[in-house]
Amino acid sequence: MNIYDNVSGNVSDPAPDSQQPVAQIVPFLCQLFYGSHGIPIAGWYGEERICCVGLPGDVMPDAHVLPIVRAQSRPYTTYSTPDDAMYGYVRDIPLGIEFIIGPTFPLGRSGLVLDHFMNLSDIPTSRREEVAPILARIPRYTYQRFCALCGFLYLQANAMVPGAEALVGATDYEVINEVHRMASQQRDSFSIEQSMLIRNDITRLVREGAVDEIWTGLGSQSYLDNLVNELSTTMGSGNLRMAKDEFIIDATETFLHGAIPGGIGLKLGLQMLSAYVAKCEDAQSEAEVATLLNAMLMDVATVVNDVRTPTGIGPEVRECIKMIADDLANVPTIEQMCHRIGCSTSYLTKHFKRETGLTINQYVRYRRMDEAKRLLRYTKYSLSEISDLLGFSSQPYFATTFKNETGITPKQYRIAVSNPDYEEDI
């Protein structure tokens, strides 16, 4: 059976036959493909663009992509632009038709993606509001899924002419395996590069403490969700152990190259990393691991955002904040900090209050309470262990301080946050 057999009643045109001109066959196929998958597709015959479905007629990214994919001299291939837009190329050898599929995106459609697409297609900026919703409607595809879709189109397109010698038959496993081998090679190469791009992007967002950018998201779907979904694709394909291993790799990268350089301090960073790894090991499904990744990225970015000092804060106060963040269990005394910084206690206390709005002791207490919430939410440490980790003199003193700051006891907080519907005021 080929793509023209058993066409659904939603397509009114009759299936073409080998006597029909290319000008009729190409639009039919493009309409059928776009109606089924929602991805724009254009058909070319030599240097003539026969049709395009899914994009305005004068929007022609395919014209720029076609020479690039033709140069690969393959009947079927894929191409990714610098902004991660993906295009597929399929050649119908019997008819001499070439199809350009795309764009579709493995990540969110940010403003930069839109600008790059418009530049690629020579679209004036005055049409930005027209083009943006068109891109937003295009379904998001992982590379593996997109590659498989292009491969399917290749197999079907080259068996569609009745009476012609088809490249692929129902039992032609050798050719089918060759197509999958080509797809696998491209997927492996792309996946390594794409994974690095994603991790670098996550690391940058965390290092900058970009909570608003992560939370608000870009495009029609949360940017963070897109990143998590893409990472989830690499999480073992049904293998929970592989998913956990992937999480540990991503978490380590996030902390060592994002959070710690972002200013949270080595000791706190390693404590948080250990806590998240332990939480990951308790996960019962890949979905749970992906959800934990989502929570970890937001959590860590929030911590970095808290410790990143705004512009205008002097070097003495900045160094004081770094010393506090580096070891909450053993925060130096004000005198010790002044000795290391090289200033008087009166100077440091005065400028710290003026520049942060808090006294040094108030800031230490705020940071300890913030970390206590994370440890209660994401670890199984006992209250006594948390008290020790944060430098409280005793568990009762920790519990009293926590209740004074939050209005509930540490135990009540831990029970509350274990409820998936719990929402904490930030």
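Would you say F392 is more than 19 Å from V303 (Cα to Cα), more than 36 Å from the chain's Cα centre (by Cα), without any contact (Cβ under 8 Å) to a residue 40 or more places away in the chain and outside any helix (DSSP H, G or I)? Yes: the conditions hold for F392. Exactly one residue among V113, V168, V90 is at pLDDT 75 or above and of a type in the set (A, V, I, L, M), and that residue is V90. The set of residues in segment 27-81 that are touching a residue at least 24 places away in the same chain (Cβ under 8 Å), farther than 11 Å from E98 by Cα and in contact with a Phe, Trp or Tyr (Cβ under 6 Å, 6 or more places away or on another chain) comprises V53, G54, V65, T77.
Taking segment 320-370 as the range and being more than 21 Å from S387 (Cα to Cα), buried (at least 17 other Cβ atoms within 10 Å of the Cβ) and either in contact with a Pro (Cβ under 6 Å, 6 or more places away or on another chain) or of a type in the set (D, E, K, R) (or both) as the test, only E355 passes. Within segment 252-276, being among the aliphatic types (A, V, I, L, M) and either surrounded by 24 or more Cβ atoms within 10 Å (Cβ to Cβ) or within 14 Å of D299 (Cα to Cα) (or both) holds for A259, I260, I264, L268, M272, L273, A275. Of the residues making up segment 259-300, those that are farther than 17 Å from S418 by Cβ, assigned to a helix (DSSP H, G or I) and among the small types (G, A, S) are A259, G262, G263, G269, S274, A287, A290. Listed residues Y154, Y79, Y143; which is among the hydroxyl-bearing types (S, T, Y), modelled with pLDDT of 85 or more and not assigned by TED's automatic domain parsing to the domain that holds I202? Among Y154, Y79, Y143, only Y79 is among the hydroxyl-bearing types (S, T, Y), modelled with pLDDT of 85 or more and not assigned by TED's automatic domain parsing to the domain that holds I202.
Scanning segment 371-426 for residues that are farther than 23 Å from D326 by Cα and among the basic types (K, R), we see that the one that is modelled with the lowest pLDDT is R414. Residues that are part of a helix (DSSP H, G or I) and without any contact (Cβ under 8 Å) to a residue 12 or more places away in the chain within segment 318-347 comprise R318, E335, Q336, C338, H339, T345, S346, listed in sequence order.
The values are calculated or read from the model by the stated rules, or taken from the named source; none is laboratory data. Just so it is clear, the model here is predicted, and its values are computed rather than measured. Note that each Cβ is placed from the backbone with ideal geometry, even for glycine, and that neighbours are counted across all protein chains shown.
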